[in-house]
Structure formats: structure tokens, C-alpha cells
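Single-structure report; data block below.
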Amino acid sequence: MIEFRNVEKRYDDQTAGSALTDFNLTIGDGEFVFIIGESGAGKSTLLRLLMGEEKPTKGSVVVDGVNVGRIRPAKLPYYRRHFGMVYQDFRLLKDYTVYENVAFAQRVVGASPQGMKRRIPKILETVGMADKADSLPSQLSGGEQQRAAIARAVVNGPMYLLADEPTGNLDPAGSEEVLRLLESINRGGTTVIVVTHDAAVVDKARKRVVTLRDGSVVSDVKEGGYGDA
């Protein structure tokens, strides 16, 4: 479970990102949640606090009973293994094949070569990229790159998948593919949190939608669309 408890976040330089003010939000295990809001609403700050990249000025961020703001820097890499992260710009290693990109995530956590040989093909099959295992990112469409990035994000079996504008660089067909894949991952038990401006994706999914404005939650709809705030 993820809990933001009366969180306030101030930056010395306000251009560095949005602050959160009296921010309260609970996300249960296995949920699929969209976080929406205008630029500057606090979405990026939420993700940085959740990953331990920032500490709250006041209040606490608690994940599975652990106060993230109190984790020692040396322990943060281990904490972050509970999360997979997907970005708008894919962030694939351009000189690595799809297989090698996914394998990189496995090496970071010390997976054995034998385990990698078993695990990676299964993940690539799951995301529909088995036939692209030897392709470089430059040889892939945007949708294929994002599916490869999702494979890399989930290959280590994270409890939480965070997606920051995952369809921002995709056409409608690619966006729909990514949505279906995220829903499938969620059905497998992974909590999925998607930060997005993509109204079409939010409307199609009809999942929980949390709307932020000026650093606070202004709407929390159980099965909503982009215009339901």
C-alpha cells in the first residue's frame, strides 16, 4: 500500500517543480490508478517523492509500512527494486538490442545467467516483442520501443509499475497497445500508477482517476474518465 500522509513539499527554487500542499492519497495493492492534472499540478513531485528522489518538507510518504523519507541513501537502491519505471521517451540504451536492454535490468539486481535465459524470453513474449529480441531501438516503432521499455521495467517482478506519460510519443494505435499491456500487467497483481495527459487513454480504460490541482487532490473518481473531475 502507498500512503501520502499530509504531505507538503516546498522547493527553494520553485521552477524545479511543483509543490504539494496538504496532500493525502492512498493507493491499495493491485490498483490501477491514473494521476492527471495540468502542468505544475504536482504529478512529477509525487513520483519523485515515491521513488525517494526527494523528501517531503512535512508529512510522510509510506510504502508497505516504510517511511520513504527516512530510508538511508545506501538503502534506497534496494527500496527502488520494488518499482518498475516507464517513461515517455522510452530511455532504451540505443546501442543495445531489445534483449540486451532487458538483460541490463536483470544484471543490475544480480540475476544469474541461467535465470536470465529463462526469464527474459518469457517477458519478451508477454509484451509481444519476442520476434524483436535482436533489434536495436532505432529499428523499432514508437509503440515497440515502449513495449520493450515495459519489459525492462517488469522483468524483475516489481510490486509497483510507475508510468510517466507512457503514451506521450505514440499514435492512437500504439497508445492502445500500451494500455492493454499495462492492464494485463495489472491483472497479474502489479499495482500500476500512470501519470498522463492522454485523455483518450484515460477515457477508454475507465479506471480510478485522481486529479491534482495546485499540489492537492481535487477529485478522486473510482471508475472515471478524463472529464469526470
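The values are calculated or read from the model by the stated rules, or taken from the named source; none is laboratory data. In this text, all values refer to a predicted model and were calculated from it rather than measured experimentally. Don't worry about glycine lacking a Cβ; one is built from the backbone with ideal geometry, like all the others, and counts go over all protein chains shown.
Observations, loosely collected:
- Selection count where residues are at pLDDT below 95 and under 14 Å from Ile2 (Cα atoms), scope the stretch 53-68: 0
- The set of residues in the stretch 97-128 being surrounded by fewer than 16 Cβ atoms within 10 Å (Cβ to Cβ) and among the hydroxyl-bearing types (Ser, Thr, Tyr) consists of Ser112 alone.
- If you go through the stretch 151-170 and keep only what is in contact with a helix residue (DSSP H, G or I) (Cβ under 7 Å, 6 or more places away or on another chain) and closer than 18 Å to Ala205 by Cα, you end up with Leu161, Leu162, Ala163, Asp164, Pro166, Thr167, Leu170.
- Selected residue [modelled with pLDDT of 95 or more, crowded, with 22+ Cβ neighbours inside 10 Å and under 17 Å from Gly30 (Cα atoms)] from Val192, Val155: Val192
- For the stretch 129-138, the set of residues classified as surrounded by fewer than 16 Cβ atoms within 10 Å (Cβ to Cβ) and under 22 Å from Glu165 (Cα atoms) consists of Ser138 only.
- When the stretch 29-80 is filtered for residues that are within 16 Å of Met159 (Cα to Cα), charged (D, E, K, R) and surrounded by 14 or more Cβ atoms within 10 Å (Cβ to Cβ), the ones remaining, listed by number, are Glu31, Arg80.
- Consider the stretch 184-227 and keep the residues that are out of contact with any helix residue (DSSP H, G or I) (no Cβ under 8 Å at 6 or more places or on another chain) and among the hydroxyl-bearing types (Ser, Thr, Tyr). The one that is nearest to Asn156 (Cα to Cα) is Thr191.
- Restricted to the stretch 178-229, and to residues there that are polar (S, T, N, Q) and touching a Gly at 6+ places or on another chain (Cβ under 7 Å), the residue that is farthest from Tyr160 (Cα to Cα) is Thr211.
- Condition met for Gly224 (over 24 Å from Gly52 (Cα atoms), surrounded by fewer than 20 Cβ atoms within 10 Å (Cβ to Cβ) and modelled with pLDDT under 95): no
- Restricting attention to the stretch 16-52 and to residues that are in contact (Cβ under 8 Å) with a residue 60 or more places away in the chain and part of a helix (DSSP H, G or I), the residue that is nearest to the chain's Cα centre (by Cα) turns out to be Leu47.
- Total residues in the stretch 183-222 satisfying the condition of being over 19 Å from Met1 (Cα atoms) and of a type outside the set (Ser, Thr, Tyr): the figure is 15.
- Scope the stretch 146-159; condition touching a residue at least 40 places away in the same chain (Cβ under 8 Å) and touching a Leu at 6+ places or on another chain (Cβ under 8 Å); matching residues: Gln146, Ala148, Ala149, Ile150, Ala151, Arg152, Ala153, Val154
- Matching residues, the stretch 164-195, being out of contact with any strand residue (DSSP E or B) (no Cβ under 6 Å at 6 or more places or on another chain), assigned to a loop (DSSP other than H, G, I, E, B) and closer than 19 Å to Ser141 by Cβ: Glu165, Thr167, Gly168, Asn169, Leu170, Asp171
- Test: residue in the stretch 152-163 that is over 21 Å from the mean Cα position of the chain (by Cα), of a type outside the set (D, E, K, R) and assigned to a helix (DSSP H, G or I): no
- Summed over the stretch 197-212, the residues that are at pLDDT below 95, part of a loop (DSSP other than H, G, I, E, B) and surrounded by 18 or more Cβ atoms within 10 Å (Cβ to Cβ) give a count of 1.
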